[in-house]
Structure formats: C-alpha cells, structure tokens
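Novice: Right, I'll just put the structure down here and ask away after.
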Amino acid sequence: MSLTKDDVRKIAFLARIRVPDERLEPLAGELNNIVGWVEQLGEVNTDGVEPMTSVVETETPMRKDEVTEGGITDKVLSNAPDGEGPFYGVPKVVE
Amino acid sequence: MMSDLRDWTIASASDALEKGEVSSVELTGAFIEAMEAGRTLNAFITETPELARERAAESDARRKNGDARGPMDGVPIAMKDLFCTEGVRTTAASHILDNFIPTYESTVSGNLRDAGSVMLGKTNLDEFAMGSANITSYFGSVKNPWTPEGANANLVPGGSSGGSVAAVSGGLAIAATGTDTGGSIRQPASFTGLVGMKPTYGRCSRWGVVAFASSLDQAGPLTRNVEDAAIMLQAMAGHDPKDSTSLPLDMPDCRAACTRDAKGLRVGIPKEYTLDSMPAEIQKLWDQGAQWFRDMGADVVEVSLPHTKYALPTYYIVAPAEASSNLARYDGVRYGFRKDGASLDEMYELTRGEGFGAEVQRRVMIGTYVLSAGYYDAYYVKAQQVRTLIAEDFKKVFNDVDVLLTPTAPSAAFFEGEKMDDPIAMYLNDVFTVPASLAGLPAISVPGGLDTSGLPLGLQLISGVCQEETLFRAASALEEAAGFTARPGEMA
C-alpha cells in the first residue's frame, strides 16, 4: 500500500491541515517511509490477542456526577482569538 | 553561597535552608542570575523571575514561622512548558499556543507549588513533546551544555525535555520537571549526565498537561542524582480525581528505598536490546553495569523479551493516532493562534497549517491515516494487539527478576543537523525507552560513564508496575557503583 499525492491531499483535509501543493509529493514520500516501516507489525501473529485498552490494570474510582464548578465565562473566554460577548466568534457557517 | 551552582541538589538545598545557612530568596536570586546569564542555551521559553522571588519570599516566611512544607520548600526548579501554569504563558513550544495563558494550574505543577518549590520559568521542548533532539521547537533549538568549546555546531540535549535537562545540567536550576511519552525524560537525561525518571503510568496526574498521547504520557523528575528524583517524584505524584487514569494509590517512600543495597537483587539483561548498529562503547558500559551489580551481590541473568523489535513501530502507530485525536482541539476557535479564512473549514486548515510545525503535521497526518475508515483494524487495532504482547513479555520476565538493565539510548548526544533528514533515524533514539512506555512501567536513566569523546552515557533500569521502591533501590546502587561526577566543560 503506497500513498499517492491525492491520498495525502485527502488525509491533510481530514486532519484540517492546509498543505501547499508543492509539499504534497515530498510529504507522500515521507509518510510512505513511515507507513512502510510500521507495516512490519504484519509479521506478528496476533490471532486471539486482545488489543490493549488499559495500560495499568486497576479499578478506576468513580466520583459523584455533579457540577463542581461553573460561572467562569470570563476565564473560559480569556484566550479566545475572537470572543464576542459571552461567545466564541467563528466565520459564518449558516447561510 | 556555593560558587558553582551545580553543587546544589534538592537534598543539600533543603538541608541548608533548614539550617538557615541560606535563604530561599538568596538561593533563588543566584539561580535567576544564572538563568539570565545562560540564555545562550535557549533552555527557557518563558522566565518568571518576579514570580520566583515572590514564592521564595513566601517560603522563607513559612520557614521562619516553623511551617516549612518539606524537602521541596524553597527549592528553585524549572518547569517544562507543557504543564499549564496559572497566569503564566504555556506554549508546548508551538506557534499554535504561543499566546496561551492558562487560567488554571496543572495538578503536577500545583503539587510542586504546594510543596513550596519555586518555579524559575518554563523550559523549552520539542513542539508538543514530539521529538528526540529538541530541534522542533517554535522557539528555537536548545543547546546541550556538554557542547565542546569551539565546536562548529551545537550538540542536541535530547528530547523532548531538552530545555529541562539543559537548565539542570547547565546549573540554571536545581531540578526540573519532564514528561515522557516514549523516552522524553530518560533519553535527554542520558545525553546530559542527569537522572531522569518516568514513574508507572498513572502515578502523576495528566490533568493540565498539554496532551500528546494520553495512554503513554507521564510526568517525572529530572535531577542531579537518584535521591533527588525520589524526593521530587514524591511531591509530584498522587491520586487526582481530575484524571480518570490516575492511580488511586499512595506513593511509597522511595527516598528510603535509596538507602538499601543491591544484595540479592535479581537483575535481568534483555538479550533483544543488543543492536548490531550499537556503538561498542555503549555495549561496554552496559556490560560494566551488569558487572557492577554482580560485584554488589546481585543475581544477574539474561532474559528474553521477544517482541522488543516491534515496540518502536507499535509506538509510531499508537502515539500519532492519539496525537491526531488530542490535537484536534487546536481549531483557532477557543484559544491559541488563529488564521482567518473565508469558511470555517478554511479557517481550521489555515490555522493548523501555519500553527503546527512540520513534525507535528507529519504525526497528525500519520495518526489521521491509521485511524481512518478501512485502515483502523489493519494499523491501530493491530498495534494495540502487539502492545498487549509487549506488556505480557514484561509481565512474564518480572516473575523471575526485580529490575531490567539496558542502555538508555543507542548513542551519545549528537550534533544538531545530524539525523534530521530521515524521521525514522530520529525515531530510533527511543528504541530502548519506548517498550517500557508501551507497557506503562516505571523506568529511570542513571548516568553510567563517558564515551571517548567525553560525552555522558546513561543506563536504564526498568521495574514492574508500581515497583518504584525496587527501581530506586537498584538505581541508587547503580549510581554509587558508577560514581559519575563529570560535568560539562570539565574533563573527567
């Protein structure tokens, strides 16, 4: 399996990263090297092996499902690039 | 005041503060001067001298009233710029966060603050902790204090915690925090002659730490010696309800474990860690390490971890997959850098295309690919299955031995510009550190000796899950046997 320039364009859009056209080809080469290298995992027999879901087996403590904080709109918005009143501003999404 | 600030350890500073031989304000002032004089290392992204003086004065006041909070109180340390710090810019060394000022404190930095330690500033790192040489930072690369005088290029300090190790090794801080996803504490410690310790996954809360790969990320200390690592870890670790993967266990007394000898300790040498490409000096140091343990009355045996060679490729599926998901939050909407676009999608694309550096983009795209429809089972599920096998290898081996001894890294520090064209050559730096990360195991790098160019080399010890006491016991024995005292700029 080898990634083409078009595949990279598609992946870049899925990741919402703008990649200039002239970078697509070299990037395809770089990603192919990495993907080709990780494909050696194909050699490993993993029949019947559970995929890891928890690194350290332990009982996860439960907490009460209750509101512990709130009413900090100013703090929440303090780093917003385009805060508008108590909202985040974004380009128009509804026509 | 000691003329060479590198003579200070957490233990000696704590002792001197307690005896009133020095005040935290004096000690902190000396390190602030050193930090400012050491700017050529580029170890810090943000210096916080006013905050440091304030906290030092508070510490002195507490001590005067008999309310000192333990061995970290008044000790000046550096904070990796991946820990969110209230009111202090936190960048993750990325353009996309270069104006981000958290309104909250990470649990680990908060624990250290509550223990009384004095933060000098925020240290440089690879962008989003993705790298092994600290050359991907938006704020420029970090210089290893071990760089020989008159060299044409700088030696890299390792990564991703490169600023933290440069600060400690260069005498700009007594100790520093690091984070380790695949080796980012241990490999830079090895490159700079320091001790770097990654605890069991879940010992240190991840809350408020800028996320890279959540199932691997762990914070830990970077210090001058093993005892300091135990002291600092004690202050950093502990259960945190705000991190659901935080272990609901108390940290054992690791400092006490440092006084026990290695007699009867069972030390395993994993045969799969021998690489054809490994420099002879590293093999020699590794053999020497095994001999030191034998001389101290430990039982040294060869063991096998058959899936070792698959650890690195497994890591380079799992870590990018988790990173692509974690870094989805940088959308230019709620915080961080934004580049305006005509549509929402265009705004996202331009923001992330300009805000992320090349290595971060590469990893996010790899992660996006291995998680995408049709490839998820072939790559991600497969990698998590191999990860189970890697963890089982370790589990079996720890039925027979207490600790494993390996080299920390396959080379000493290299010059900036080397290994830069080929991402995989750079990834190989972590070949010995990644397996323990995948299995969530505690591991520590201890300086073992110097290579023929006079550069430090570390040895790594790995123990079973939550066996930090055994790990510290073995590490302090190894430290004593190695007797490493070399420093940058001084020939041993």
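Novice: Enumerate the strands (runs of 3 or more DSSP E) found wholly within the range B:20-138, keeping only those where 3 or more residues are surrounded by fewer than 23 Cβ atoms within 10 Å (Cβ to Cβ).
Specialist: none
Novice: Within the range B:195-223, count every residue that is closer than 26 Å to B:P76 by Cβ and assigned to a loop (DSSP other than H, G, I, E, B).
Specialist: Within the range B:195-223, residues that are closer than 26 Å to B:P76 by Cβ and assigned to a loop (DSSP other than H, G, I, E, B) number 9.
Novice: Here's something else I'd like to know. Name the single residue that is nearest to A:D47 (Cα to Cα) among those in the range B:386-431 being part of a strand (DSSP E or B) and of a type in the set (D, E, K, R).
Specialist: B:K419
Novice: On to the next question. Residues in the range B:374-394 that are more than 8 Å from chain A (Cβ to nearest Cβ), more than 30 Å from A:F13 (Cα to Cα) and in contact (Cβ under 8 Å) with a residue 60 or more places away in the chain: how many?
Specialist: Taking the range B:374-394 and keeping what is more than 8 Å from chain A (Cβ to nearest Cβ), we get B:374-378, B:380, B:390, B:392-394.
Now restrict to residues that are more than 30 Å from A:F13 (Cα to Cα): B:390, B:392-394.
So of that shortlist, the ones also in contact (Cβ under 8 Å) with a residue 60 or more places away in the chain come out as B:390, B:393-394.
Number of matching residues: 3.
Novice: Is it true that A:V67 is farther than 30 Å from B:K395 by Cβ, surrounded by fewer than 12 Cβ atoms within 10 Å (Cβ to Cβ) and within 7 Å of chain B (Cβ to nearest Cβ)?
Specialist: It is false that A:V67 is farther than 30 Å from B:K395 by Cβ, surrounded by fewer than 12 Cβ atoms within 10 Å (Cβ to Cβ) and within 7 Å of chain B (Cβ to nearest Cβ).
Novice: Let me ask something else about it. Determine whether B:L371 is outside the structural domain of B:Y138 (by TED's automatic domain parsing) and in contact (Cβ under 8 Å) with a residue 40 or more places away in the chain.
Specialist: Criteria met by B:L371.
Novice: Please determine, by comparing only the residues of the range B:429-467 that are closer than 23 Å to B:D295 by Cα and either of a type in the set (D, E) or touching a Lys or Arg at 6+ places or on another chain (Cβ under 8 Å) (or both), which one is modelled with the lowest pLDDT.
Specialist: Only one residue fits best here, namely B:D451.
One line per residue, one yes/no per condition, for (1) crowded, with 23+ Cβ neighbours inside 10 Å; (2) hydroxyl-bearing (S, T, Y); (3) more than 8 Å from every other protein chain (Cβ to nearest Cβ):
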residue	(1), (2), (3)
B:G332	yes, no, no
B:D340	no, no, no
B:D345	no, no, no
B:F356	yes, no, no
B:V360	yes, no, yes
B:M365	yes, no, no
B:S372	no, yes, no
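Novice: At least 2 residues that are of a type in the set (S, T, Y), modelled with pLDDT of 95 or more and over 27 Å from the mean Cα position of the chain (by Cα) in each: list the helices (runs of 4 or more DSSP H) lying fully within the range B:242-360 that qualify.
Specialist: Numbers: elements: B:254-257, B:280-295, B:311-326, B:344-355.
Where helices (runs of 4 or more DSSP H) fall fully within the range B:242-360 and carry at least 2 residues being of a type in the set (S, T, Y), modelled with pLDDT of 95 or more and over 27 Å from the mean Cα position of the chain (by Cα), they are B:344-355.
Novice: Does the range B:478-491 contain any residue that is of a type in the set (A, V, I, L, M), without any contact (Cβ under 8 Å) to a residue 40 or more places away in the chain and either surrounded by fewer than 21 Cβ atoms within 10 Å (Cβ to Cβ) or under 15 Å from B:I185 (Cα atoms) (or both)?
Specialist: Within the range B:478-491, one or more residues are of a type in the set (A, V, I, L, M), without any contact (Cβ under 8 Å) to a residue 40 or more places away in the chain and either surrounded by fewer than 21 Cβ atoms within 10 Å (Cβ to Cβ) or under 15 Å from B:I185 (Cα atoms) (or both).
Novice: Which ones in the range B:257-289 are free of Cβ contacts under 8 Å to residues at least 40 places away in the same chain and farther than 19 Å from B:A482 by Cβ?
Specialist: Matches in the range B:257-289: B:G264, B:K271, B:E272, B:T274, B:D276.
Novice: Also: Do we find that B:E86 is farther than 14 Å from B:N124 by Cα, under 22 Å from the mean Cα position of the chain (by Cα) and either acidic (D, E) or not assigned by TED's automatic domain parsing to the domain that holds B:A11 (or both) in this structure?
Specialist: So B:E86 passes the test.
The values are calculated or read from the model by the stated rules, or taken from the named source; none is laboratory data. Treat the numbers as computed from the prediction; the structure is a model and nothing was measured. Counting neighbours? That spans all protein chains shown, and the Cβs are built from the backbone with ideal geometry, glycine included.
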